[in-house]
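Values in this text are rule-based calculations from the coordinates and carry no lab data. Remember, it's a predicted structure, so these values are computed and weren't measured experimentally. Here the Cβ positions follow ideal geometry from the backbone for every residue, glycine too, while neighbour counts run over all protein chains shown.
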Amino acid sequence: MRINNDSGGSGQPIPPVTVRSAASRRTAANAYCLDQEETLGGAQHAAMRERFNCTLTQCLIGRDSLVAAVNGVIELIYKELDWEWGAYWALEQDGRTLRCQSAWDDGDRGLAPFGGHSAALPIAPGQGLVGRVCQTGQAQWVDRPANDPGFLRRARAKECGLLAEYMFPVTYTSADGRQRRPGVLEFFSKSPRQQDAQLPGLVAPISGLIAQTAQRMLTDDLTGLASRNHFLALLDEACARTPASAWFGLLYIDLDQFKPINDAFGHLAGNAVLSEFVQRLQALAPVGCAIGRVGGDQFAILAGPEISAAGRNALAENVLHAARSVFHYEGKELSISASVGNPPSILVGEIRTTRSPVPLRTRYSDQ
């Protein structure tokens, strides 16, 4: 049963989930309650982990958003490991509130009151168990959550007979090198569980595959830079976290004379030029800058408030030099140039981001 069908701002609807009945899911192969866990040997656990990892990989293929990926994980753990209730708590864009974005149960175990309460409950980072996991990045196991004073939904957990909980953060590294924790996955069982049960041992492969999915969505395939959508998100974040009346820089780079290279030498030559230009950008950009590919031959650099106006001007000059330096492809020398839109700065509170970055002013041109 889906509690919330929010797409998390991704613009993509969450795929529908097919849930098997409780009876069909409780088999000797995938029921991990206390009495059954004690009878499983190391070889059986290893085989189950291997099977789960293969199924998880297949589950995440084709997921086109981070929300869809974590929902796929919830569905799989719910169905294969037999945890009765699972949910994803997503951190809102302002970073101040976690909300239960989506949750699953099979509808026949009396968990509707718990699910409804979770869907309506806002949690701040650091508040309660979910908030602490989000803030610290550390997974947490809870026996009898109804008795834990740090658990915000104690009354509902007791009412629904929840006896074990496991939660862990969704973590990945974005294109700007920062570690991101967009939310928390949590799972509940109405049966006692051992802390060395299957789920805690599967966190590493789950986190790794989610990170790979995030990388596919957030980075440009050819260059490895932030994708257009991700760069726009970083720009939004820069506006949100920069104090009012503070400044940060944005350089918009448009390569000139690039199309003739594609026309004359083919797309492989064009791709080689783009890849080499990106390497030059990455070498010259100051630490802390975010670089994105926002068009076929268009790039952008987001410079934080620690970089002065003089530093931004020097960065623009270095970008022009990087573009006009000769490129080599299969023994041929290829030449391009660039224009850099470098507004003096962006004042937070007066200029907000738009969803289509364009050069605010072409201050430098190498044509």
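Tabulated data for the structure shown
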{"read-out": "Sites N318 and T55, calculated FRET efficiency, Cβ-Cβ separation with R0 41 Å, nearest 0.05", "value": "0.25"}
{"read-out": "Approximate spin-label separation A139-K332, in nm, with each point projected 7 Å along Cα-to-Cβ", "value": "5.2"}
{"read-out": "Relative packing of peptides 261-270, 217-226 - highest average C-beta neighbours within 10 Å first", "value": "217-226, 261-270"}
{"read-out": "Extension gain, T171 back to T97 (0.36 nm per residue minus Cα-Cα distance, nm)", "value": "24.9 nm"}
{"read-out": "Gain in span if fully extended, D263 to Q194, counting 0.36 nm per residue against the direct Cα distance", "value": "18.5 nm"}
{"read-out": "Ratio Rg/Rh [Cα only; Rh per Kirkwood] for the range 74-205", "value": "0.95"}
